[in-house]
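This report concerns only the one structure given below.
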Amino acid sequence: MSTPLSTRTAPPRVGARFIILFALATLGIWMAINTPAMVTVALRVGEVDPVGKTTSYSVVSGVGTLVAVIANPLFGRLSDRTTSRFGMRRPWMITGILGTAVGAVVVGTSTGLAGVIIGWLLMQAFANAAIAGTFAVLGDQVPEEQQGLLGGLVGMTSGGSVVLGTFFVQLFPTEPLLQMGIPVAAALIFLLLFAVQLKDRRLDATQRPRFSAKEFAGSFWFNPRKAPDFAWFLLSLFLISVGIGVVSTYLVYFFQDRLHIATADLANAAFRANLVLMAVTTAVSFLAGYLSDRMDRRKPPFALAALLAAVGISVMVLGGSMLWAYVGIALVGVAYGSMSGVYLSFAMATLPDSDNIARDLGIVNIALTLPFSLVPFAAPAILAIGGGSNYTALFLVSGALSLLGWPVLSRIRKVR
C-alpha cells in the first residue's frame, strides 16, 4: 500500500509492529554491509593477496567507501523523485538488497583481487540504495517525538549487526561464500518483511521535479550559508567518525601487526573484539536515543562521543596488550553508541529542506562514511612514519580529530 503525497499530513505515532519490522530491516541492511566492511573483506583480501594485503585493502576499502559516498545521496535523490505505484521508497529497498546479494556472491567466490574489488563495489552501491530508501521512511512516517527512539534503534541494530555477522563469519572460517552470503540472506528476508507491510509514500508524476544535471550535482551539495546548523552538524559528525573509521577499518591488521595475533586466530579475535565493541554500542545507542527524546537534547551525546572516541583510541594503541585493547574498544563502543543513537534525529532537527528528505539524509551519510573512504588513502602515509606499521601515529591522529568534533557543536544554534 502507498500513500499519495498530496494527502500527507503530519505523521501519527507509529506502533510496535512498525518499530519491530523497521528495526529488523535496519539490522539486516547493516549486517549485510557492516560485516564485510569490518571483517570479511579484510579476510578475503588477505587470502587473495597475502603479501600486499595492507596496501590492497586500503584501495579496496577506500574505493568502496567512495562508491558509498556517491551512491547514497544519488539514490536518495532518485527516491525523492520516484513515481512508482509501489511507492517512493519500497522499489529502492528491494532493488538495493538484491543487488547487494549479487555483489556478495562475487566477493565470496573470487580468487583474485580484481573480483573482490568488483563485488565490493556492487555491494556498496546497492546496499546504499537500500539504506537510502529505508532511512527516508523515518522522515516520511515517524513523528519528531519518536525519531530519537527510532534513530536509537538504527544505532543499536548497527552494533548488533556486526556481532551477528562476525558470529557467522567465525562459524565458517574456510567458507568465504557462506561468510558473505548468510548476512545478506538474512537482510533480504528482514527487508522484504518490512517492505510488504509498509504504507509507502507515493509521488504523483505531475509533482515530480525535473532531474537535470544541476539537480544531479545537487544530490551531493547544499548551501551551508542557508543551513548553517546543518553544516556544523555535518562537520562534527565527520570529525567524530574519523576515529571510529580508523578503529573499524584497521582493527584486523592492528591485531595482526601490532599485537601479533596469529593468522589462524584472527577471525576469532576480530569476533571477540567486535562483540565487545558492538555489544556496548548496541546498549548505549538505544539508551542515547531514548534519553535524547526524553530530555529533548541532541548535543550532549555527541560531545560524549567525541571525548570517549579520543580516549578509547588512545587506550587501545598505548596499552600494548589485548586487555587494554578491549578496554579501549569498549570506550570506543560508548562513543559510537552515543553518536549513532542520535545522529539521525539530530540530522532531522537541522535538515534544510523537508521536501528532499532522502537527498539530505544522503548528504548526512557522506559525512558519516567519507572518513571511512579517506582513512585508507591517508593511513599508509601515517603508518609509514618511522619505518612502517606506525599504528601509534595513526590512532592518535584520528583520536585528536574525533575530539575536535566537540567544540564544533557550540556553533549549532537551534538544537540543544
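The values are calculated or read from the model by the stated rules, or taken from the named source; none is laboratory data. Everything numeric here is computed off the predicted structure, so don't read it as measured data. All Cβ positions, glycine included, derive from the backbone under ideal geometry; neighbour counts span all protein chains shown.
Summary of values
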| quantity | calculated |
| --- | --- |
| Filter result for E144 (of a type in the set (D, E, K, R), more than 21 Å from the chain's Cα centre (by Cα) and over 30 Å from F255 (Cβ atoms)) | yes |
| Unique residue being within 17 Å of L368 (Cα to Cα) and either hydroxyl-bearing (S, T, Y) or within 22 Å of the chain's Cα centre (by Cα) (or both) when the list is A283, A288, A309 | A309 |
| Number of the condition not met by V45 [criteria: (1) outside any loop (DSSP other than H, G, I, E, B); (2) under 30 Å from V252 (Cβ atoms); (3) among the β-branched types (V, I, T); (4) without any contact (Cβ under 8 Å) to a residue 12 or more places away in the chain] | (4) |
| Search result, residues across the range 171-199 that are of a type in the set (S, T, N, Q), surrounded by fewer than 18 Cβ atoms within 10 Å (Cβ to Cβ) and assigned to a helix (DSSP H, G or I) | Q197 |
| Residues being crowded, with 24+ Cβ neighbours inside 10 Å and modelled with pLDDT of 80 or more - total across the range 345-360 | 4 |
| Some residue of the range 331-339 being of a type in the set (S, T, N, Q), in contact with a Gly (Cβ under 7 Å, 6 or more places away or on another chain) and either assigned to a helix (DSSP H, G or I) or under 22 Å from D257 (Cβ atoms) (or both) | no |
| Exclusive hit being farther than 16 Å from L27 by Cα, at pLDDT 95 or above and either among the small types (G, A, S) or not in a helix (DSSP H, G or I) (or both), set G96, G87, G119 | G119 |
| Test for T83: is it more than 17 Å from V184 (Cα to Cα), surrounded by fewer than 19 Cβ atoms within 10 Å (Cβ to Cβ) and either aliphatic (A, V, I, L, M) or touching a residue at least 24 places away in the same chain (Cβ under 8 Å) (or both) | yes |
| Filtered residues of the range 133-165 (kept if over 15 Å from G337 (Cβ atoms) and among the polar types (S, T, N, Q)) | T134, Q141, Q146, Q147 |
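Here's the yes/no breakdown for (1) surrounded by fewer than 20 Cβ atoms within 10 Å (Cβ to Cβ); (2) in contact (Cβ under 8 Å) with a residue 60 or more places away in the chain:
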site	(1), (2)
K299	yes, yes
A303	yes, yes
L307	yes, yes
G319	yes, no
L323	yes, no
G328	no, no
V332	no, yes
M339	no, yes
